[in-house]
Amino acid sequence: MTRLEQLVKELPPELHRAAEDFLESLLAKRSRKSRAALKLDWRGGLRDLRDRYTSVELQHKAQEWWGD
């Protein structure tokens with residue numbers, strides 16, 4: 001019997017589901033694909049607005065568009 005099996009057997013029954021959930025989350029995390037590098041092709045897209053708005057005003061406007 002492995003150490004992991006021993007530990008699971010020692011757990012009270014009400015913690016078995018929590019242990020199962022934890023193990024499933026570990027497996028899910030392992031199987032996630034690595035994320036691609038962040039693309040910054042949008043950079044400079046608001047350049048034409050920089051004379052009309054401050055960066056803070058644009059942040060507030062973006063939050064407005066996103067619906068807070």
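The table that follows gives values for the structure above.
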{"item": "Reachable aspartates and glutamates from Lys29, criterion Cα separation under 13 angstrom, eight or more residues apart if same chain", "result": "Asp21"}
{"item": "As computed over the chain, the Cα convex hull volume per residue (Å³)", "result": "173"}
{"item": "Residue (of Ala62, Ser25, Leu49) at the positive-pole extreme of the chain, dipole from beta-carbon charges", "result": "Leu49"}
{"item": "Assigned charges on the beta-carbon of Lys, Arg, Asp, Glu; the chain dipole about Cα centre (debye)", "result": "480"}
{"item": "Length gained when the stretch Ala36-Ser55 is fully extended (0.36 nm per residue, less Cα-Cα span)", "result": "4.1 nm"}
{"item": "Mean residue ellipticity (222 nm) of the chain, computed from DSSP H runs ≥ 4 via -39,500 (n - 2.57), nearest 500", "result": "-16500 deg cm²/dmol"}
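Readers should treat all values here as calculations from the given coordinates under stated rules, not as data from a laboratory. Fair warning: this is a prediction, and the values are worked out from it, not measured in the lab. Cβ coordinates were reconstructed from backbone atoms using ideal geometry, including for glycine residues, and neighbour counts include every protein chain displayed.
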